[in-house]
Amino acid sequence: MVRSAAAQRIDAIWRIESPKLIAGLARMVRDVGLAEDLAQDALVIALERWPEIGIPDNPGAWLMTTAKRRAIDLLRRNKLRDKKYEEFGRGSVMYTEQDLDIGMDGEIRDDLLRLIFTTCHPVLSQDARVALTLRLLGGLTTDEIAHAFLVAESTIAQRIVRAKKTLNEKRVAFEAPVGEEFKERLSTVLEVIYLMFNEGYTATSGGNWIRPLLCQDALRLGRMLAEIAPAEPEVHGLVALMEIQSSRLKTRIGPHGEPILLMDQNRAQWDQLLIRRGLIALERARAVGRPLGPYALQAAISACHAQARSASETDWARIAALYEALSRAMPSPVVELNRAVAIAMAFGPAFGLQIVDHLMSEPSMKGYHLLPSVRGDLLAKLNRIDEARQEFERAASLTHNERERDLLLKRAAEL
């Protein structure tokens, strides 16, 4: 059944307003699960009333006021102690839409920061952090999250329920940590947002090469974090990386959903606004005055591609140097593989192949499909055709993404 135009508009408003709404409620009731329930109650009321009365000029304020009234009603029904009720009442004066317009922006930003750090608390598993963050801050449904990561909806629902229960049982404070704890927790927050974006940029499995909605939500969270933690260079570095990478999304797939690799993309169709935003964010990271971290270095690499008018004009020597710096900041076989590609492009495939052959003995890379894929490409450039074909076939057997498997088998067949 086709939804009404009003329902579609309300859904769009909800995706934008729900993180702020849940964050504000969580600050008051100190329970993320309860805050989400109250926000959902407000949404149900909006779905009932807005089609009749029209969507308010400030829908966020309307939802907040409605949800806070529900919270007070709940406290009354539960007959909480007078003292707790009075404390809640003093901290929860009902706001008019005008009040919210004038005085709530800073408070909302603080609440969002608290909520991000709560959903990404290290007491939760990595899977739980991602699911809960997508649910509360990304505005995705459990079905959408399940589809994004190709697991059962019931599995995602259980993760979210367990995550909220764990936060409640462990009495995790709804606050933004300070000092060293802030830095420790910030790395977890950035890691979750980065993971969300990467899964959207190149899906690990399934029938789609990209999942733009995941990229969009990760970028929105990154921009939000940059506003509320402006002194952290790696926040700007991650935003820069996501902005520039997002500029290529519509050129990464063909008319039938098939992957289009970087060297074959139509750069004239890259989104120049996103590239400019990314370059500005990268300058903000540099302006802090600290050495560039892993996210900012990756953004600088992406910027090299974005600023080259064609693939042939790419400054591969600079990219190789940036990967060298990245390997020192974040040692990883995957970074080494990327450095091998850059060195091959800058100085010839034989030099890159030496690094790749060394990685073949790395245990953590045994099932990583991009290792034989890169090796096949370098072997093909060296005219070692039979070996290259075997590498592409092996890479195809390792990937879980149907589109990528088709691409790799096609490259093998062409040899």
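Derivation of every value follows stated rules applied to the coordinates shown; laboratory data play no part. Not measured: the values here are computed from a predicted model. Here Cβ is always computed from backbone atoms with ideal geometry, including for glycine, and neighbour counts include all displayed protein chains.
Numbers for the structure displayed
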read-out	value
Qualifying chymotrypsin sites (Phe, Trp or Tyr not before Pro) for segment 189-279 [loop in DSSP, other Cβ within 10 Å: at most 11]	none
For segment 297-401, projected area of the alpha-carbon convex hull averaged over all directions, nm²	7.0 nm²
Taking the convex hull of Cα positions in segment 199-258, its mean projected area over all directions (nm²)	4.2 nm²
Mean separation of Cα contacts under 8 Å, 6 or more apart, over the residue count of the chain: relative contact order %	10 percent
Helical contribution to [θ] at 222 nm, DSSP H n ≥ 4, -39,500 (n - 2.57), averaged over the chain, rounded to 500	-23500 deg cm²/dmol
Cα long-axis angle, helix 272-287 against the chain (0 to 90 degrees, to the nearest 10)	80 degrees
Positive-end residue, the chain charge dipole about Cα centroid, Cβ charges, pick of Met365, Ile260, Pro19	Pro19
The chain, dipole about Cα centre (Lys/Arg Cβ +1, Asp/Glu Cβ -1), debye to the nearest 20	420 debye
Whole-Hz couplings from phi, Karplus 6.51/-1.76/1.60, listed for segment 349-366; x for Gly and Pro	x, 5, 5, x, 5, 4, 5, 5, 4, 5, 6, 4, 8, 6, x, 5, 9, 4
Kirkwood-based shape ratio for segment 141-276, expressed as Rg/Rh from alpha carbons	1.03
Nearest 10 degrees, 0 to 90: helix 105-119 Cα axis against the chain principal axis	60 degrees
Whole-Hz ³J(HN,Hα) from phi, Karplus 6.51 cos²θ - 1.76 cosθ + 1.60, for segment 9-19, glycine and proline x	5, 5, 4, 5, 4, 4, 4, 7, 8, 4, x
Positive dipole terminus of the chain, leading residue within Ser332, Thr188, Ala311 (C-beta point charges)	Thr188
Rg followed by Dmax, in Å, when the chain is reduced to its Cα trace	24.0, 81
